[in-house]
Structures are given as C-alpha cells and as structure tokens.
Ligand code: SF4
Ligand code: SF4
C-alpha cells in the first residue's frame, strides 16, 4: 500500500550497478505458530519440520540490512505474528529505519493494550483476516471459534485510528457470500477489502478439490464486486485477486523471481516467494549464515529463475515472455513436476490440460451447499501439527524418489473436531 517507485529512486549504488533492483517488499514471517487452522493456509504443509525461530537480535539485523539494500515496505506475518512478544520492538525499529509497516494478522491476541503500543511504536496499518461474513463458515474454515473475537478486534483497530485492510480468501464455500462480506467490511469502516481468490499452494493445494469453485460462482462474484465498486466509490477500495486456474495466461508471479520480493521464513530461510520452499533442487540461503545483500545478489536460489535463460519451450521463444515471465515456478512444479516448465495455467503449455481438468471437475461437482459435505466428498484437511507431520512424511518420501502423493486418506479427517479454541 505504499508507492514502491519512491524507494526505487533511492536505490543503493551497488544495487543499481548490478542491474538487479532492490527487494522493495520484505515479508518477515516471524513464526509458523498459529492459533487458527485454516484449510487454505499458505504456510508450507510440512511447517512442523521447521520449528526453530530467529531471535530478536537476528530479526533486527534482517530489518537493518534489508532497509540498507533499499527495502521500503515491510509486512509482519506468520503464522500469527502476535505470538511473538518482540513484535512491538521490531515495529519500533522498523519505524526508526523508515519502513512502511503492515501487520498481517488473524486478530487473535490483538488486545487494546497491544494495539496502543503498536500505534505508539509507529505501525502504519493492519490487515485483518476473516474467513467469511457468517460465524458458521468463519469458524468452520479456521477450525476455531474466532468470529466474534475478530469483530471485536476490527472495532478496536478502528478505535485506535489504524487504516485497516480486511482480507478474505475466497473459494467455493464463501463466493456466494461476497455481497455480505463487502457489507461487513463497509460496516467495520475498512479502508480496503482484499477478496483473494484462493491460490492453490500449501494447504490450499491439499484441499484443492474441496475449495475449487465453479466458473459460474466466480463470474457472479465478480459482477457483485463491480456493482459495489460503482455504488461505494472511494469509501472502501475493493481488490479482487483473480483465480488463475480460470485464465489462459499465468500471473506475473511476484513480479518476477528475485525481482522485488524477499521473504524471510521463521527459521531464517530467505525465499523469493512464499511457496518457494516446496521446490526441489534449490538450497535456500539462511540469514543466519549470509548477509541480505549476498543472499539477494549472489545466492544460487535467488538467481536461478531471474532473466530468461532458464526457460524451456514454449516460453523460451514466446513473444509474451516479458509480460508474464513464464508464470509461477511453484505452480509449474506442483502441476508438472518441473519448476522450469511454463506455468500450466497458460494455454500454450503442453500441460494446460492439468488445469482444465481441475476446473472441469469443479463444474461437475457443482457449487455445493454450506459446510455440509456431499456423500462422496473428501473432508477438508485442516492445518494443524498432526496433519503437518503426516504430510511431511509423505513429502520426504517423494523427495527421496518414492512417488507418494499426499492423499486425504492418510491424514486426520476429523474435520474441525478437537481443534476448536
Ligand atoms: S492462513 Fe489461517 S492458519 Fe494460516 S497463518 Fe493465516 S490465520 Fe494462521
Ligand atoms: S508460453 Fe510461457 S511466456 Fe508464453 S504466454 Fe505462456 S507462460 Fe507466458
């Protein structure tokens, strides 16, 4: 939500000389711990493999080095970043360094006292997630009883004078509620509403069959958004993040690998995108061992998919390659097992049928109704430690050469039972 072109004008000299721009956007994933258990969580399904977390001094060094390199926008994320009791100290340092800061939170733990300290320490804005406009679906999808709490937190955020982004991930279950979700955001006084159609990585990929909407649901929701945009003007800016499975060209993922985005995972692994850890054959540098400047400019992982030399056909000779840069490397790997392939969302990809088939199956399944499962439907697999450990074992099997696609049958199918708070 800040003008990154301003930061580009102040690019450090060594960055300008290398021809690689600075990491304008730093995402500090402070912890993978989270009180919620979202079915679409973007954290790695094997997050339990990475239990260690950077300490406060290490995070402070990351902030200083990234800012010196030209980073301008800083997101504090997770998991739930409020589970770190040094969040306030990190926010204060970020303000002192001149970052524009954003707290990305479920709201759990955001007390009035903490809001006051965060305000005093210079936090610029807060992104609060909701799973739906109804208590039933919000609580089902997060496998927690948090709807009422989130409503209270939204009021407190506004009472403390923060600009607020309401974020809601969209999918088959809640797309029919888009009008109610917008009404909720307006009633709360949110300045921005991000309606983010599910991107199928992490836990969302595991639950893809359950979450994938029909094309009809999507088009209806888009029409509702357009109608509201005309009616409400600038009262609340609505972003509608397009679901790329329904497109014929891929997204320009992260604006290019190693182009503007630098993510740091809780254990210090530096990532060119949230999901990059799922890619085989890449060793991601760790901020404990390397400076941010060396990670950004010299590491193999950040250089691997920069430019065009890594591309295979049809991208290599495609006249559109400067527009989308071949799409998303993680999606190419997830759907074709080769991260250097064209993103199969593209209808020029020989693997495009893998995307079409998923959309076709969603159409056959239909819109479904509420949280009730059809008799032949797999239950949703919620993000929790037990499921993560099971899925992690299967991923290890795949990497060591034993094909073993994670299947719902091998995971905790007790839906939201036993995980409520
Ligand atoms: S998506 Fe849900 S479970 Fe995942 S980090 Fe965010 S709030 Fe926690
Ligand atoms: S072939 Fe590759 S570069 Fe061309 S449009 Fe498709 S994804 Fe983009």
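The values are calculated or read from the model by the stated rules, or taken from the named source; none is laboratory data. Note that this is a predicted model, so its numbers are computed, not measured. Cβ atoms come from the backbone with ideal geometry, glycine included; neighbour counts cover every protein chain shown.
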**Asked** Looking at the range 22-54, which of its residues are away from ligand 1 (no atom under 16 Å from the Cβ), assigned to a loop (DSSP other than H, G, I, E, B) and either touching a helix residue (DSSP H, G or I) at 6+ places or on another chain (Cβ under 6 Å) or free of Cβ contacts under 8 Å to residues at least 12 places away in the same chain (or both)?
**Response** 22, 23, 24
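Yes or no, residue by residue, for (1) surrounded by fewer than 22 Cβ atoms within 10 Å (Cβ to Cβ); (2) at pLDDT 95 or above; (3) farther than 22 Å from residue 199 by Cα:
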residue	(1), (2), (3)
244	yes, no, no
281	yes, no, yes
286	yes, yes, yes
289	yes, yes, yes
296	no, yes, yes
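Would you mind stating whether residue 112 is touching a helix residue (DSSP H, G or I) at 6+ places or on another chain (Cβ under 6 Å), touching a residue at least 12 places away in the same chain (Cβ under 8 Å) and farther than 30 Å from residue 206 by Cα? Steps first, answer last, please.
Working: touching a helix residue (DSSP H, G or I) at 6+ places or on another chain (Cβ under 6 Å): yes; touching a residue at least 12 places away in the same chain (Cβ under 8 Å): yes; farther than 30 Å from residue 206 by Cα: yes.
Considered against the rule, which asks whether it is touching a helix residue (DSSP H, G or I) at 6+ places or on another chain (Cβ under 6 Å), touching a residue at least 12 places away in the same chain (Cβ under 8 Å) and farther than 30 Å from residue 206 by Cα, residue 112 comes out as yes.
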**Fill in**
Counted residues in the range 39-61 being surrounded by 23 or more Cβ atoms within 10 Å (Cβ to Cβ) and under 13 Å from residue 91 (Cα atoms) come to 1
**Message:** So for the range 61-68 (the condition being in contact with a strand residue (DSSP E or B) (Cβ under 8 Å, 6 or more places away or on another chain), free of Cβ contacts under 8 Å to residues at least 40 places away in the same chain and either assigned to a strand (DSSP E or B) or farther than 17 Å from residue 270 by Cβ (or both)), does at least one residue qualify?
**Reply:** no
**Asked** Any idea which of (1) assigned to a helix (DSSP H, G or I); (2) away from ligand 1 (no atom under 16 Å from the Cβ) is the one residue 74 doesn't satisfy?
**Response** (1)
**Complete:** residue 329 vs (1) more than 12 Å from ligand 2 (Cβ to nearest atom); (2) under 30 Å from residue 63 (Cα atoms); (3) at pLDDT 95 or above: all pass except (1)
**Every residue from the range 24-51 that is touching a strand residue (DSSP E or B) at 6+ places or on another chain (Cβ under 6 Å) and closer than 15 Å to residue 201 by Cβ** = 27, 29, 40
**Message:** I'm checking my understanding of the structure. Among residues of the range 77-109 that are assigned to a loop (DSSP other than H, G, I, E, B) and within 12 Å of ligand 1 (Cβ to nearest atom), which one is surrounded by the most Cβ atoms within 10 Å (Cβ to Cβ)?
**Reply:** 106
